[in-house]
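Since every read-out is calculated from the coordinates, none of them should be taken as a lab result. Everything numeric here is computed off the predicted structure, so don't read it as measured data. Here the Cβ positions follow ideal geometry from the backbone for every residue, glycine too, while neighbour counts run over all protein chains shown.
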Amino acid sequence: MAGIADKIMRRIRSRGRGRWVCTPRDFLDLGSRVAVDQALHRLVLAGTLRRVSRGLYDLPRMSAILKRPAPVDIDAVVQALARRDGVTVMPDNVVAANRLGLTTAVPAKARYVTDGASRRIEVDGRTIHLRHAPPGVMRWAGRPAAPVVQALQWLGADAAGSPDVFAALQRNLSDQVKRNLAANLRDLPGWAVPVARRLVGDTATA
């Protein structure tokens, strides 16, 4: 019968090397917390797993150029924190604006918003900043239109209505995103509703 360490590794490998960051809580169905902690500790000592921060582990992929383990996936770290702590987390506004082509600015720090407490976490030599956001922001988490709403909030009322912004968003929004935005106009700030209505146009809300 396979031991806990073998079962842990089977689960991690099924997620793909370098794609999943795990916590002890992800394996409590396999044994007690003490047994899981001991198994993870042995796997780290053996060099099979990497401990990237307190209670956070990954199976790193190797960098073909540097011939050493690649840096941990910060988004995967954040997802692990959200699972472990029972909170919702999503990238902050400037990240959303960058991904939609509205700015070339790339945050120098890994910044996210959350419905949990504000805090900083050191991971593999980097600092993750989690900022508490109000319900009006966090209610969009997990919705297809979330990046659009975050980008509009980052732009503000004046810039969000400019022709250049409208053209950039029109190029990058799928019909699914437009439908989701149209179906949730009531959750937008008042100033953003006219902008969103122009974006969705005749897109059906069904």
Stick to Cα atoms and the Kirkwood definition of Rh, then tell me Rg/Rh for segment 87-200. 0.98
Nearest 5 percent is fine: what portion of the DSSP beta bridges confined to the chain is antiparallel? 75 percent
Around R131, with a cut-off of 13 angstrom between Cβ atoms, what is the net charge of the other residues, counting Lys and Arg +1 and Asp and Glu -1? +2
Using DSSP to define loop residues, name the trypsin sites (Lys or Arg not before Pro) in segment 21-97 whose beta-carbon has at most 11 other beta-carbon atoms within 10 Å. R54, K67
At a Förster distance of 30 Å, what's the computed FRET efficiency of L185 paired with I121, Cβ-Cβ distance as r, to 0.05? 0.30
For the chain, what does the relative contact order come out to in percent, with C-alpha contacts under 8 Å and a separation of six or more? 14 percent
Please give the contour-minus-distance gain from R111 to V44: 0.36 nm per residue of separation, less the Cα-Cα distance, rounded to one decimal in nm. 21.3 nm
Dmax and Rg, reported as Rg then Dmax, of the chain (C-alpha, Å): 20.4, 64
